[in-house]
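To start, the structure under review is shown below, and the notes come after it.
Rule-based calculations on the coordinates, nothing more; no lab input. Just so it is clear, the structure is predicted and the values come from calculations on it, not from any experiment. Cβ placement follows ideal geometry from the backbone for every residue including glycine, while neighbour counts extend to all protein chains displayed.
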Amino acid sequence: MKKRSLPIGKVILRIFAAIFILIVLFMGFFGIKGYKMYKNATEKRTIEEIVESIRSQEHFIPYEELPEIYIDAVISVEDKRFEKHSGVDIKAIGRAVLTDIKTMSMAEGGSTITQQIAKNLLFTQDKHIERKFAEVFAAFAFEKEYTKKELFEIYVNTIYFGSGYYGIYEASQGYFGKIPSELSDYEAVMLAGIPNAPSDYSLDNDKELAKKRMTYVLKCMERNKKITLEEAADILNQEDSDT
């Protein structure tokens, strides 16, 4: 007798069930590894101790001394839902996963500003799956302890701006000879774009490439409704008066 084949609906259902089980196993395996990595990273020094050591630095710049346009620029280009999420942006991660699948790489990470803080302060820069999970646990811990303003100032005081400059104070002084509160709109937006790829966008390396990145930052600000098209054009035109 001939065996009856399963209806197509049941076949599809079984495929989806198998995929779901694989995803759960994958998440469980790397989730446990990531949690252990997070716990190991905070074993010798707690998050609070690390943050206090950063705040005690001579040229730590508090949130209130940062130009508003710089804050808007960084959030628009790095993490537009920064003020709404709890450390992890599911939409950004989903978009990044699709991009990585298409390109067969781990080029996109979908990291929030909080995750970037975790990566920079607690972990290595190596792209391992378990580190991404560790970032998530750490991001939740940071968000639990600190306000969004506090997280933002931690971020901009520790990120790398190229040319040996760490933090917004060194970058402002090194590139423009100013403290952050004195930056023009043009200079502030320019600095907001550099940390994405500091070696490439460093003003000491390639000013034209840095300006292209700045143009992209302005487009992100426009899409995020922080500036108008006319204001973006005005900021770009400030170059002649600032140089």
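Going by neighbour counts of Cβ atoms within 10 Å, the residues 38, 63, 175, 216 line up, fewest first, as 216, 63, 175, 38.
If the label point is 7 Å along Cα→Cβ of residue 48, which residues in the range 134-150 have backbone nitrogen under 11 Å from it? From the range 134-150, the list is 145. Couplings for the range 144-150, taken from phi via the Karplus curve 6.51 cos²θ - 1.76 cosθ + 1.60 with θ = phi - 60°, read 5, 8, 10, 6, 5, 5, 5 Hz in order; Gly and Pro are left as x. Axis of helix 68-78 versus longest Cα principal axis of the chain: the two differ by about 30°, to the nearest ten degrees. Only helical runs count toward this figure. For the chain, summing -39,500 (n - 2.57) over DSSP H runs of n ≥ 4 and dividing by all residues gives -20000 deg cm²/dmol at 222 nm.
Residues 112, 215, ranked from the fewest to the most other C-beta atoms within 10 Å, line up as 215, 112. If the segment from residue 39 to residue 10 were pulled out straight at 0.36 nm per residue, it would be longer than the present Cα-Cα gap by 6.2 nm.
Once you've got the GNM for the chain with C-alpha springs shorter than 10 Å, pick whichever of 188, 134, 232 has the biggest mean-square fluctuation. For the chain, modelled as a Gaussian network with Cα springs under 10 Å, the answer is 232.
Cβ-Cβ distance of residue 125 and residue 182, R₀ of 22 Å, FRET efficiency by 1/(1 + (r/R0)^6): the value works out to about 0.10. Among 51, 24, sorting on how many other beta-carbon atoms sit within 10 Å of each Cβ, with the fewest leading, yields 24, 51.
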